[in-house]
Amino acid sequence: MELSLKLRAKVQDVFDRIVDFFPLTWLGVMCSLGGVLALLYYGWKRLDLILLVIGAVAVGLLVISFLLVILATLIVYLRVRTQTHGESISTECGVPSTTGFTLPSLWWLPMIDVKWTWLSPIAEVVVRTERGSHRELVTAERRGQYTEVTRRIEVGDAFGFARIAFRAKESRSLTFFPSMGSLKRIDVARSLATGEDRPHPGGQPEGERADLRRYAPGDPVRFILWKVFARTRDLIIRNPEQAISPSRQTIAYLVTGDADEPAAGTARVAIETGALGAGWCIGTDGYEQGAKDMKGAMELLTTPPKASEDGGTGLASFVRRNANMPGARVVVFVPAKPGKWLDRVVAGAQAAGSQGKGTSIEFVVCADGFVEGKKPGRFARFFGLGDENDSSAARLEETRELVSKLGASRGNVLLVDRKKGRVFAGAQSLAALQSMKGQAAKGKGN
């Protein structure tokens, strides 16, 4: 199956290259056939003077466009060959950045248009014309580290009769960090932050704000925090606190899959703001070795996932290798769109909880907004009838099922909206999803 997909992709690539070098578009082919027919058959043989003039004008315009496109392509190609190496770029996904790549605008050649896109890595390209040159402005859509840029440069005429496209590679060091969105100005998760309260006169000002845990059958009712229950609908009890706060270890893990950019951005916020505490390590799918410092974590977060189908595969083994302290906390950053990774993550979380040592699991479900309705089918997506936010936003029903299934594994669930900078904890996440669904239904009704 994998071999056939690679072969199909290779054949498609060769076909695209052949089509790019063919100078006439479909419109140009149709107009050239019509022009030749009007000129030679109706105009020349049947002496139709009107069609003779129309055919001559059409053929002449096509010939001029064809020659101008060939000349412009040669000029642009020679200019591209002089730009074989560019300066390194480090930027955040979603933030426009200039690359220094320029091409001549060819303002002195009439009817000529030059444009280009990035084939690798994936980025949106905006071309700005300044002082007779086209300057490139790119916005990365996917985190990663790259050493080469592949562009598809297209030179065509204004009428769309002729165009020639070619690919150009440029050696350039690129680093695209996952975007933090609106989470730059807020605390990612209050329950992950280190505390400053002194629970006992003989204790140290470190550890959790309060030594709390979920209620379990047999716990004294007098230890239940009823104010917390009234606000979150979660039964939380206070443990008898020790004079010296125990040292806790935080193990973070990023699950890769479809729409995992919000999860990577949220993990970056948690690391840069110190929300994971003092002793922490982070890992992700496809990489056995995790990171325990800022530099290593940024390298890990900017490395493209090796295979999105393997999301959650290494969670259990990573926790088993690194959870070497009693009372370790496992924080798993997951996408808000369910996938094959879900069952693996649930199984990994149950395996981590069964190790004993007081290990607790926390899931951080991340998205860039939420939309109501079912996912559009292939027919709707083919004709552009799907939701315009389908690629970045999560479906409310899918996210609700995801949160319920993760919560059933006895792990605490945080729901993060990176786009708006909102965080919902515990039972608030399901209530927030229900509220969003009601607001979406009300908006449709109005």
Test result for Gly257, within 27 Å of Arg400 (Cβ to Cβ), without any contact (Cβ under 8 Å) to a residue 60 or more places away in the chain, in contact with a Ser or Thr (Cβ under 7 Å, 6 or more places away or on another chain) and buried (at least 21 other Cβ atoms within 10 Å of the Cβ): no
Filter result (among the charged types (D, E, K, R), closer than 24 Å to Glu398 by Cβ and modelled with pLDDT under 85) within the stretch 296-339: Glu309, Asp310
Residue check for Val76: more than 30 Å from Arg268 (Cα to Cα), at pLDDT 90 or above and under 32 Å from the mean Cα position of the chain (by Cα): no
Candidate set: the stretch 122-141, residues that are among the small types (Gly, Ala, Ser) and not in a loop (DSSP other than H, G, I, E, B); chosen: the one nearest to Asp157 (Cα to Cα): Ser133
Residue match in the stretch 17-29 (condition: free of Cβ contacts under 8 Å to residues at least 40 places away in the same chain, assigned to a helix (DSSP H, G or I) and among the acidic types (Asp, Glu)): no
Residue match in the stretch 100-121 (condition: free of Cβ contacts under 8 Å to residues at least 40 places away in the same chain, out of contact with any Ser or Thr (no Cβ under 7 Å at 6 or more places or on another chain), loosely packed, with under 13 Cβ neighbours inside 10 Å and closer than 30 Å to Glu261 by Cα): yes
All positions within the stretch 84-121 that are more than 30 Å from Leu301 (Cα to Cα) and part of a loop (DSSP other than H, G, I, E, B): Ser105, Leu106, Trp107, Trp108, Leu109, Pro110, Met111
Test set (1) more than 16 Å from Gly100 (Cβ to Cβ); (2) in contact (Cβ under 8 Å) with a residue 40 or more places away in the chain - Val149 fails condition number: (1)
Restricting the stretch 150-207 to residues that are of a type in the set (Gly, Ala, Ser), touching a Leu at 6+ places or on another chain (Cβ under 6 Å) and modelled with pLDDT of 50 or more, the residue that is farthest from Val69 (Cα to Cα): Gly160
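The values are calculated or read from the model by the stated rules, or taken from the named source; none is laboratory data. Every value quoted in this text rests on a predicted model; they were computed, and no experiment measured them. Reconstructed Cβ throughout: ideal geometry from the backbone, glycine too, with neighbour counts over all protein chains shown.
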